[in-house]
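What follows is a single structure, written as structure tokens, with notes after it.
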């Protein structure tokens with residue numbers, strides 16, 4: 001069965017993201033799996049180091065997940081919800097799970113941070129982008145509406161516009177049936193002359209590429225999202241480019257921190 005996985009640390013931010021994941025699951029007919037990574041601490045004593053009981057900590061985590069699931073099931077009846085807990089590397093465990101299951105999306109919450117700390121803050125939400133095989137949807141803590149009606153897809157330069165693998169995004173559009181806008185943010189670093197009208201074909205339909213001049217990608221995306229009442233920002237996170245890498249990991253994080261609506265990063 002197709003699965004959506006939502007990471008949780010039992011915070012309000014992660015519960016908000018789990019609600020968003022449940023909304024996706026209900027709309028797409030997917031199963032929802034809640035995932036918690038727990039720490040096994042080391043305690044110093046006179047005789048050296050020793051571990052707190054792994055079994056005890058895992059049981060505590062599973063108990064919280066069960067209560068978390070029960071709360072969600074009341075709000076989203078009919079959605080199949082499961083859960084699992086483990087210790088280790090958060091990213092590695094997610095990678096292993098997505099390899100062994102038909103995972104459609106990974107949903108993560110992003111806690112509100114101030115302007116200074118957002119440049120220093122490293123969260124699991126943005127760190128897993130590009131490291132798991134499924135698209136990652138990052139849900140800001142303050143986003144509570146959880147509607148999926150209007151989506152913007154950010155595209156960068158002319159070369160990538162025609163060669164990007166967008167099959168996952170096409171499937172997403174089919175499942176969610178949203179209104180789509182395609183946007184190119186022209187920054188000071190733009191190296192192409194894009195005066196010619198362009199379009200992007202998705203699911204046998206052509207979408208015009210709208211242009212917006214702004215000093216940075218994240219500012220342009222934020223402005224367009226606000227002015228067009230966009231519910232979801234989608235970007236393609238790439239590892240390489242013949243010219244320059246606009247949608248790299250750093251810019252993905254900057255867009256996620258700047259956005260007030262969820263951001264879906266699809267790794268190439």
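Every read-out reported here was derived from the displayed coordinates using simple, explicitly stated rules and does not represent laboratory data. Not measured: the values here are computed from a predicted model. Note that each Cβ is placed from the backbone with ideal geometry, even for glycine, and that neighbours are counted across all protein chains shown.
Can you compute the modelled spin-label distance between residue 75 and residue 95, with each label point 7 Å from Cα toward Cβ, in nm?
Placing both labels 7 Å beyond Cα along the Cβ direction yields 3.2 nm.
Using a 10 Å cut-off on Cβ atoms, rank the peptides 69-77, 175-183 from the highest mean neighbour count down.
Numbers: 69-77: 13.4, 175-183: 16.3.
Taking the mean over residues of other Cβ atoms within 10 Å, the ranking is 175-183, 69-77.
Multiply the residue separation of residue 149 and residue 188 by 0.36 nm, subtract the distance between their alpha-carbon atoms, and state the gained length in nm to one decimal. Working shown, then result.
On the way: separation 39, 0.36 × 39 = 14.04 nm, distance 3.14 nm.
The residue 149-residue 188 span can extend by a further 10.9 nm.
With r as the distance between the Cβ atoms of residue 1 and residue 55 and R0 = 35 Å, compute the FRET efficiency 1/(1 + (r/R0)^6) and round to 0.05. Provide the component values of the computation, followed by the final result.
Details: r = 29 Å, r/R0 = 0.84.
The pair residue 55/residue 1 has a calculated efficiency of 0.75.
Please compute the modelled spin-label separation between residue 87 and residue 227, points set 7 Å along Cα→Cβ, answer in nm with one decimal.
Inter-label distance under the simple model: 5.2 nm.
Taking R0 as 45 Å, what FRET efficiency do you get between residue 27 and residue 215 from their Cβ-Cβ distance, rounded to the nearest 0.05?
Details: r = 36 Å, r/R0 = 0.79.
Efficiency, from the Cβ-Cβ distance: 0.80.
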